[in-house]
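Before any comments, here is the structure.
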Amino acid sequence: MTHNKTKEITVEWTSPSNLAIVKYWGKKDIQKPLNPSISFSLKNAVTTTRVSAVPSKQGGFTFSLDGNKKETFNAKVANLLKMASSTLPFIIKHHLTIESSNTFPHSSGIASSASSMSALALCLVDLQQIINCEIDQNMDLQMVSEIARLGSGSAARSVYGGWTIWGETPSIEESSDNYAVKLPNIHENFMQIANAILIIEPNRKKVSSSQGHALMNNHPYGEARIKQANDNAQQLLKVLELGNWNQFFDIAENEALSLHALMMSSNPGYTLLHPNSLKVIEEVRRVRLEENLPVGFSMDAGPNVHLLYPKREESKVLFWIESNIKPLCHQEEIIYDQLGDGPEKTNLIKLNGI
Ligand code: PMV
């Protein structure tokens, strides 16, 4: 936190992207999910956001990503600020300068909205606490998650490290459609999960996630999907406690393929898969079955494939990636990541040597 004579207050947070194993697809009300989703936070794919607040009667904000004005994000930020202002009233009495940077390329298919909206929500709640002189209080992460959700649904899950669930689920009493909660009792195996992100095609998506979510309203398989996701969430919760990799891969792959099947069977239908996405899927299943390599896949709403494997088997998996997978990637690009510990606040006072 820094203060100067103009009463400018600046905070900075770094927050991770996350990968959902049970996917959020389709929404109701204000960005609430049609079904529960379960994800883990990444370690290396993070957004750092710095927000400076200066008292102003008009309010308002400027937003930049990696030093450039970003119109596509402006609408999301404006929406989040508008909806968060009833909980965080300082927003309408300050002008905010919001500067963000990602550690990963924008085109990589990593959910940058999850990390950027969660980093922004952390900064906003922190600023409100400072203005209220509540700096000694612990941050209410459920409140942060709820505010992050208003910017982007998946961002609700990025405010914690490790594994989280978002969406009401009977077996997790504290679970909610309003915010994500951290999952306890995760088997050691899944705290050591690695994720290699294969860049199959770096171009922008033909159909955005927002358009895809909207197509779940009146989807012919809508009800069946809600049941499937609830069943998969229930199964995954057990698997995460017990530690079985093959059962884990079955659920992750069923969810990834179902997500793409839902896109193909919506009206209008569309596909985001690339021929090489399918080649990777075939090869993952072959090597697991024939060579017993513990590797599975997940996918989000795009052509890139997320390989999942135990960190301790990394050398074997990397050897196989190098020979059989790399040639299928765009310019052989792969981003290596793993489960991470969640958001961190930058100590600006120390940083500036004040
Ligand atoms: O948060 P959004 O609106 O970008 O939606 C994300 C949807 C998926 O990434 C496909 C699934 C998920 O749960 O993250």
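Bear in mind that the values in this text are calculations on the coordinates, not laboratory data. Here the structure is a predicted model, which is why all the values come from computation and not from measurement. Methodologically, a virtual Cβ is constructed for each residue, glycine included, from the backbone with ideal geometry; neighbour enumeration extends over all protein chains shown.
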State, to one decimal in nm, how far the label point of Asn79 lies from the label point of Glu188, with both points 7 Å from Cα in the Cβ direction.
4.4
Kirkwood Rh for segment 232-351 from C-alpha pairs, in Å, is 16.3
Rounded if a/c is under 1.5, else prolate if a/b is larger than b/c, else oblate: which is segment 271-317, with a ≥ b ≥ c the root eigenvalues of its Cα gyration tensor?
oblate
Report the full-extension gain for the segment Glu313 to Ser86: residue separation times 0.36 nm, less the Cα-Cα distance, to one decimal in nm.
76.9 nm
Formal net charge of residues neighbouring Thr14 (Cβ-Cβ distance under 14 Å; K, R +1; D, E -1):
-2
Length-normalised contact order of segment 143-257 in % [C-alpha pairs under 8 Å, at least 6 apart]:
19
Given R₀ = 30 Å, what would the calculated FRET efficiency be for Lys93 paired with Met139, taking r from the Cβ atoms and rounding to 0.05?
0.90
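Return Val284, Val144 ranked ascending by Cβ neighbour count within 10 Å, so the fewest neighbours appear first.
Val284, Val144
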Once Leu289 and Asn324 are pulled to full extension, the length gained, defined as 0.36 nm per residue separation minus their Cα-Cα distance, is 11.1 nm
Could you name the aspartates and glutamates in cross-link range of Lys205, using Cα to Cα under 12 Å and dropping any fewer than eight places away on the same chain?
Asp300
The exposure ranking of His306, His330, His106, fewest beta-carbon neighbours within 10 Å first, is His106, His330, His306
Show that you can apply the helix-only estimate: for the chain, add -39,500 (n - 2.57) for every DSSP H stretch of four or more residues, divide by all residues, and state [θ] at 222 nm to the nearest 500.
-11000 deg cm²/dmol
Go through segment 126-216 and name the GluC sites (Glu not before Pro) that are in a DSSP coil and have 14 or fewer other Cβ atoms within 10 Å of their Cβ.
Glu134, Glu173, Glu174
What angle, in degrees between 0 and 90 and rounded to the nearest 10, separates the Cα long axis of helix 275-291 from the longest principal axis of the Cα atoms of the chain?
60
Dipole magnitude of the chain about its Cα centre, charges +1 at Lys/Arg Cβ and -1 at Asp/Glu Cβ only, in debye to the nearest 20?
1000
Subtracting the Cα-Cα distance of Gln331 and Glu282 from 0.36 nm times their residue separation yields 15.6 nm
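Does segment 186-253 classify as rounded, prolate or oblate by the C-alpha gyration tensor (a ≥ b ≥ c root eigenvalues; a/c under 1.5 gives rounded; else a/b over b/c gives prolate, otherwise oblate)?
Oblate is the answer for segment 186-253, as a/c is 1.5 or above yet b/c matches or exceeds a/b.
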For segment 57-62, in residue order, the Karplus 3J(HN,Hα) values (coefficients 6.51, -1.76, 1.60; θ = phi - 60°; whole Hz; Gly and Pro = x) are 5, 7, x, x, 7, 10
For segment 1-80, what is the number of Lys pairs with C-alpha distance below 29 angstrom, counting only pairs 8 or more positions apart or on separate chains?
26
